[in-house]
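A.B. asks: Pasting a structure below so you can have a look.
The values are calculated or read from the model by the stated rules, or taken from the named source; none is laboratory data. Just so it is clear, the structure is predicted and the values come from calculations on it, not from any experiment. Here the Cβ is made from the backbone with ideal geometry for all residues, glycine too, and neighbour counts use every protein chain on show.
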């Protein structure tokens, strides 16, 4: 059986939630405008609740900009928020309002999170985080990602279902 491995290990540049000592590291390559990523979002949240300290979760941007015109700016918005310690809050806002991702809404979410909106708008206007999004994207391509969401469990691509029960069962086998 041919397994696809994560070519770029989790590192300092990644936004990580969960313990470094967790037995399971789940990496998602996602697109904030992708409807399938939108379906996976609450499932991942539920899995995080179920597995608690046994799970470390990493999100990497893989905007499919040809199909999703707001995905790139949404990814940059998350990274801009991340510079102020609010990556995960922006991540949640983007998925919870997936049908409202144009710049006007991104600024509104930044405001709700208490970010400096003039800096945030400047970051978006100047694409301050586009190279970082591109790094994530290329690391995904080199790891065999060709669609979203794509998950890696402890460095191995998960090609099965991401529906809650089957996904949870696969993850629990890692414990």
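A.B. asks: Could you list, in sequence order, all residues of region 110-142 that are within 22 Å of residue 34 (Cβ to Cβ) and either free of Cβ contacts under 8 Å to residues at least 24 places away in the same chain or out of contact with any strand residue (DSSP E or B) (no Cβ under 7 Å at 6 or more places or on another chain) (or both)?
C.D. replies: 110, 124, 127, 129, 130, 131, 132, 134, 135, 138, 141, 142
A.B. asks: Take the conditions part of a strand (DSSP E or B), surrounded by 13 or more Cβ atoms within 10 Å (Cβ to Cβ) and modelled with pLDDT of 95 or more and apply them to residue 27. Does it pass?
C.D. replies: yes
A.B. asks: Being touching a helix residue (DSSP H, G or I) at 6+ places or on another chain (Cβ under 6 Å) and either surrounded by fewer than 16 Cβ atoms within 10 Å (Cβ to Cβ) or closer than 21 Å to residue 96 by Cβ (or both) is the filter here, so list the residues in region 1-16 that pass it.
C.D. replies: 7, 15
A.B. asks: Which one is surrounded by the fewest Cβ atoms within 10 Å (Cβ to Cβ), of the residues in region 151-162 that are out of contact with any helix residue (DSSP H, G or I) (no Cβ under 7 Å at 6 or more places or on another chain) and part of a loop (DSSP other than H, G, I, E, B)?
C.D. replies: 159
A.B. asks: Of the residues that make up region 80-91, is at least one surrounded by 15 or more Cβ atoms within 10 Å (Cβ to Cβ), farther than 30 Å from residue 172 by Cα and under 15 Å from the mean Cα position of the chain (by Cα)?
C.D. replies: Within region 80-91 (the criterion being surrounded by 15 or more Cβ atoms within 10 Å (Cβ to Cβ), farther than 30 Å from residue 172 by Cα and under 15 Å from the mean Cα position of the chain (by Cα)), the answer is yes, since at least one residue qualifies.
A.B. asks: Here is a follow-up. Would you check which residues across region 53-66 are farther than 20 Å from residue 90 by Cβ and part of a loop (DSSP other than H, G, I, E, B) and list them?
C.D. replies: 66
A.B. asks: Can you report the number of residues in region 1-32 which are in contact with a strand residue (DSSP E or B) (Cβ under 7 Å, 6 or more places away or on another chain) and closer than 14 Å to residue 150 by Cα?
C.D. replies: Total satisfying the criteria: 10.
A.B. asks: Using the structure shown, decide if residue 73 is at pLDDT 95 or above and assigned to a helix (DSSP H, G or I).
C.D. replies: Judged against the criteria, residue 73 is a match.
A.B. asks: To continue, here is another question. Restricting attention to region 92-109, report how many residues are assigned to a helix (DSSP H, G or I), surrounded by 17 or more Cβ atoms within 10 Å (Cβ to Cβ) and touching a residue at least 24 places away in the same chain (Cβ under 8 Å).
C.D. replies: Counting residues in region 92-109 that are assigned to a helix (DSSP H, G or I), surrounded by 17 or more Cβ atoms within 10 Å (Cβ to Cβ) and touching a residue at least 24 places away in the same chain (Cβ under 8 Å) gives 4.
A.B. asks: How many of the residues in region 76-91 are within 16 Å of residue 31 (Cα to Cα) and not in a helix (DSSP H, G or I)?
C.D. replies: Adding up the residues that qualify gives 0.
A.B. asks: I'd like to verify a number: residues in region 113-144 that are part of a loop (DSSP other than H, G, I, E, B) and over 22 Å from residue 77 (Cα atoms), how many?
C.D. replies: Residues meeting the conditions: 2.
A.B. asks: Hey, any hits in region 34-52 for a residue that's assigned to a strand (DSSP E or B), within 12 Å of the chain's Cα centre (by Cα) and surrounded by 17 or more Cβ atoms within 10 Å (Cβ to Cβ)?
C.D. replies: Scanning region 34-52, I find no residue that is assigned to a strand (DSSP E or B), within 12 Å of the chain's Cα centre (by Cα) and surrounded by 17 or more Cβ atoms within 10 Å (Cβ to Cβ), so the answer is no.
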